Every structure is written in C-alpha cells, then in structure tokens.
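Written below as structure tokens is the structure these notes are about.
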Amino acid sequence: MPPDPHARRLNAVWPAIWRGLKCRCPRCGDAWLFHHYIEQVDNCAACNEPLSRYKVGLLLPLVVITVMVHIIGFVMLEMELTGHGNPLVYLYVLVPLSIIVPIAILPSSKGAIVGLFWAKGWSDEQDR
Ligand SMILES: [Zn+2]
C-alpha cells in the first residue's frame, strides 16, 4: 500500500494553525501570508507554497462573529455584575470594542483558518 501523501500534513495541524495565527505561511512560517490587510499572497515568498488555493469563504465571518459574541457577552456580563450597566457606558465601551476587536482579529483568524485548510489539504483544487 503506498504511503498517504497527506499523512505528514495531518500531523502538522496545530503548528500550521499557530503559524497562521501569526499571519505567516502555514508551511514554513518565514514569510507573510498576506500582502495587504487580509489579502492572501498567491505563493509563499520563502518556500513558494501555493497559498491562494485555500479559500476561507464564510468560515472567517463565522469564526470572528463567534469570538466577538463571547467577548461582548463576557464584557456585558461583567459590567452588569459590577454595577456598571449604564447605557452610556455600554455605548462608550461596547460600540468601540465591537468595531476595533473584529478588525484586530480578522487577519489572525483568517491565517489560522488557512493554516487548518493547508494542514488538512482542504483546497479548492479538490473540486476540480
Ligand atoms: Zn512558506
């Protein structure tokens, strides 16, 4: 029986996700995964790994919204429990938080998803 070509990648899921979280190439970790804010490079500048084939699609907003719901929910619960449940405090704290945090976590979230997809071999090349 021939060896499974994906066996190496299946073992490298967490390192690939970690490199993606750092916005680095999931294979080598040396070059940037994005050349603009969240625009993926076509190929890694260091190892030439083709990265544009890993499309995150609607999983990215799902992950970001899920993280945001937990953060906002925790902050709202904490504000209510400590007696700071004033609507103006909500306005001054939660509105900027709900704008800044998604912008901040978007590249790392996309990098982690690309790392997962790369490690599992889930590319759009499988559809062709
Ligand atoms: Zn690379």
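Listing for the model above:
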read-out	value
Chymotrypsin sites (Phe, Trp or Tyr not before Pro) within region 31-78: DSSP coil, no more than 14 neighbouring Cβ in 10 Å	Tyr37
Partnerless Cys - the chain, beta-carbon criterion under 4.7 Å	Cys23
Per-selection Rg to Rh, region 7-63 - Cα, Kirkwood hydrodynamic radius	0.95
Enclosed volume per residue, in Å³, of the convex hull spanned by Cα atoms of region 7-121	105 Å³
Inter-site label distance for Ser123 and Tyr37 at 7 Å from Cα along Cβ, in nm	2.7 nm
Angle in degrees between helix 59-81 and the longest Cα principal axis of the chain, rounded to the nearest 10	30 degrees
Spacing of the two label points (7 Å from each Cα toward its C-beta) at Cys28 and Val69, in nm	3.9 nm
Residues Val13 and Leu97, FRET efficiency given R0 of 25 Å [Cβ-Cβ distance, rounded to 0.05]	0.20
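Each reported figure results from applying straightforward, stated rules to the coordinates on display, with no laboratory input. Not measured: the values here are computed from a predicted model. Every residue, glycine among them, receives a Cβ derived from its backbone with ideal geometry; neighbour counts consider all protein chains shown.
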